[in-house]
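In what follows, a single structure is set out as structure tokens and then discussed.
The values are calculated or read from the model by the stated rules, or taken from the named source; none is laboratory data. Given the structure is predicted, the values throughout are model-derived calculations rather than measurements. Cβ atoms come from the backbone with ideal geometry, glycine included; neighbour counts cover every protein chain shown. Surface accessibility is based on the protein's heavy atoms, side chains included, excluding ligands, DNA and RNA. Shrake-Rupley method; radii C 1.70, N 1.55, O 1.52, S 1.80 Å.
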Amino acid sequence: MTNPVLVEVFRGETVESRHRGSVVVTDGDGKIVYSLGDIERPTFPRSAIKAIQALPLVESGAADAYGFGNEELAMACASHSGEPQHVSRAADMLARAGLDVSALECGAHWPTQQPVLIALAKSGQEPTALHNNCSGKHAGFLCTCRHLGVETRGYSALGSPEQDMVREAMESVTGAPHTLDYCGTDGCSIPTYAIPLKNLAHGFARMATGTDLAPARAKAARRLMDAAMAAPFYVAGTHRACTELMEMAPGRLFVKTGAEGVFVGAVPELGLGIAVKCDDGATRAAEAMIATVLARIFRNEAELESKLDRFADREMRNWNGITYGVISPTEELTEAGIN
């Protein structure tokens with residue numbers, strides 16, 4: 001099945017690039033409210049699924065034992081930009097469990113925000129694993145291990161007690177088998193599993209509604225989503241899509257990006273979960289796709305719909321600040337009828 005073109009990139013009045021993809025919106029029961037493209041194809045959710053991976057942190061009692069509030073829980077769900085606030089928060093999470101940066105197994109990389117990267121380089125410092133966009137998630141993994149008395153060394157490996165807990169949570173919430181046949185290694189070294197896009201959307205609808213989840217899991221899921229919506233800066237950072245989209249409707253919508261053109265979302269008040277995948281892995285297209293779907297969901301709220309549409313259909317500027325084109329969702333996506 002060939003997926004439809006959902007986003008076009010114009011240079012002047014001419015289409016320069018086209019991005020194909022798939023979209024699905026479900027309710028907590030798994031009913032498909034809206035879809036475009038192939039939603040059965042196995043897709044690696046990558047970092048989009050971090051809120052589900054953080055469930056053992058809350059369910060085990062570790063989050064309460066270490067006094068974690070919204071910012072720490074948001075960090076456990078984050079793909080952050082490596083800004084100073086993110087780095088210090090991840091370090092503090094580890095310190096509460098008697099650990100430090102040496103325990104992290106996610107690897108080090110430079111901050112993803114150019115001004116932050118430049119500031120760090122000018123200071124003469126090298127990046128550490130705390131700057132890794134996944135350091136909050138890994139700090140959560142380590143705190144769970146420490147609280148349960150599980151060996152922390154090797155916590156990121158396939159078959160470790162921590163990753164077995166994470167795998168069970170992901171299977172339970174998405175309803176999709178997480179098999180070795182569809183297992184790969186994520187950028188931060190933990191296992192990642194390809195599942196159908198429709199299951200990914202259903203998983204986030206269930207995170208928002210608690211439908212068919214055990215009471216403790218449903219409570220933990222909503223706590224994590226509420227934390228991310230309450231502290232969106234710690235989910236991503238300055239000028240990042242996840243942060244900016246959640247700030248448009250505080251406490252009303254949850255979104256989370258993943259590598260290679262994946263985005264998920266949830267609208268708790270409507271009990272809906274969303275998943276999109278850009279076939280060529282382009283983040284710019286995935287951002288336009290998720291914002292457009294959200295705009296259609298909020299079509300009865302003119303101000304919010306307008307904000308979301310402006311985010312989706314946006315100008316591109318060169319290094320001199322000159323507008324040279326736009327990223328624009330196609331009519332097939334903008335005319336979506338989502339009820």
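Give me the pairs: first residue in the stretch 71-97 and closer than 14 Å to residue 51 by Cβ, second residue among the acidic types (Asp, Glu) and open to solvent by 10 Å² or more (accessible area, probe 1.4 Å), beta-carbon distance under 9 Å, and six or more apart or on different chains, which are they?
Pairs found: 72/92; 73/226.
Would you please name the residue that is nearest to residue 163 (Cα to Cα), looking only at residues in the stretch 91-148 that are of a type in the set (S, T, N, Q) and open to solvent by 60 Å² or more (accessible area, probe 1.4 Å)?
The selected residue is 102.
For the stretch 149-171, name all the residues that are open to solvent by 40 Å² or more (accessible area, probe 1.4 Å) and part of a helix (DSSP H, G or I).
Of everything in the stretch 149-171, those that are open to solvent by 40 Å² or more (accessible area, probe 1.4 Å) and part of a helix (DSSP H, G or I) turn out to be 161, 164, 165, 167, 168, 171.
Within the stretch 102-113, identify whether any single residue is at pLDDT 95 or above and closer than 24 Å to residue 222 by Cα, and answer yes or no.
no
Can you tell me which residues in the stretch 9-32 are open to solvent by 40 Å² or more (accessible area, probe 1.4 Å) and touching a residue at least 24 places away in the same chain (Cβ under 8 Å)?
10, 11, 12, 16, 20, 29, 32
Tally the residues that are buried (at least 21 other Cβ atoms within 10 Å of the Cβ), farther than 18 Å from residue 133 by Cα and either at pLDDT below 95 or polar (S, T, N, Q) (or both), restricting the search to the stretch 43-77.
1
Consider only pairs whose beta carbons are under 8 Å apart and that are at least six residues apart or on different chains; among these, list those whose first residue lies in the stretch 324-339 and is within 10 Å of residue 8 (Cβ to Cβ) and whose second residue is of a type in the set (Asp, Glu) and part of a loop (DSSP other than H, G, I, E, B).
Pairs that qualify, where the first residue is within 10 Å of residue 8 (Cβ to Cβ) and the partner is of a type in the set (Asp, Glu) and part of a loop (DSSP other than H, G, I, E, B), are 326/313; 327/313; 328/313; 329/313.
Of all the residues that make up the stretch 173-210, how many are among the polar types (S, T, N, Q), at negative phi and in contact with a Ser or Thr (Cβ under 9 Å, 6 or more places away or on another chain)?
3
Please find, among 138, 178, the residue that is under 26 Å from residue 32 (Cα atoms) and touching an Asp or Glu at 6+ places or on another chain (Cβ under 9 Å).
Within the list 138, 178, the selection yields 178.
Among residues belonging to the stretch 284-333 that are open to solvent by 40 Å² or more (accessible area, probe 1.4 Å) and in contact with a Ser or Thr (Cβ under 8 Å, 6 or more places away or on another chain), point out the one that is farthest from residue 266 (Cα to Cα).
Across the stretch 284-333, the extreme among qualifying residues is 317.
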